[in-house]
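Comments concern the structure below.
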Amino acid sequence: MAKDQDLPVNPLRIAGACGRLMCCLKYEHPLYQDFHAKAPKLGEQVDTPEGPGVVAGHNVPGDKVVVKLTADGRKCACPRASVCGSRQAYEERYGDGAGAG
């Protein structure tokens, strides 16, 4: 669960104030799994309201995707719902829609 949440796997680094492993990891884990299943992958080309770019990171608690913009190289955090992946990635994930109707 720590790996999925991008936390160090060292037990000393993921201990809560009580000295035990953080029990909150267990409760937050489904959120991380759902986010990673639906969000564009790191390095994927995407379109954002700010313009096209490449996914540079994820902010799971904020439900955001960090994108390095192609135009000027700056990074912006966009809501996951507003970031569109490439058409190819969409078709791989959901199919091309042929025959639907």
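Any read-out appearing in this document is the output of simple, stated calculations on the displayed coordinates, not a laboratory observation. What you see is a predicted model; the values in this text were computed from it and never measured. When we count neighbours, we look across all protein chains shown, and the Cβ atoms used for this are built from the backbone with ideal geometry, even at glycine.
What to note about this one:
- Couplings for the stretch 47-62, taken from phi via the Karplus curve 6.51 cos²θ - 1.76 cosθ + 1.60 with θ = phi - 60°, read 10, 10, x, 8, x, x, x, 10, 5, 10, x, 10, 10, 5, x, x Hz in order; Gly and Pro are left as x.
- Residues of type lysines that residue 75 reaches as a straight line, Cα spacing below 23 Å, ignoring anything fewer than 8 places off in the same chain: 38, 41, 64
- Distance between modelled label sites at residue 72 and residue 31, nm, 7 Å Cα→Cβ extension: 3.2
- Around the amide H of residue 44, modelled in the peptide plane, lie the amide H atoms of 55, all under 5 Å away and 5 or more residues distant in sequence or on another chain.
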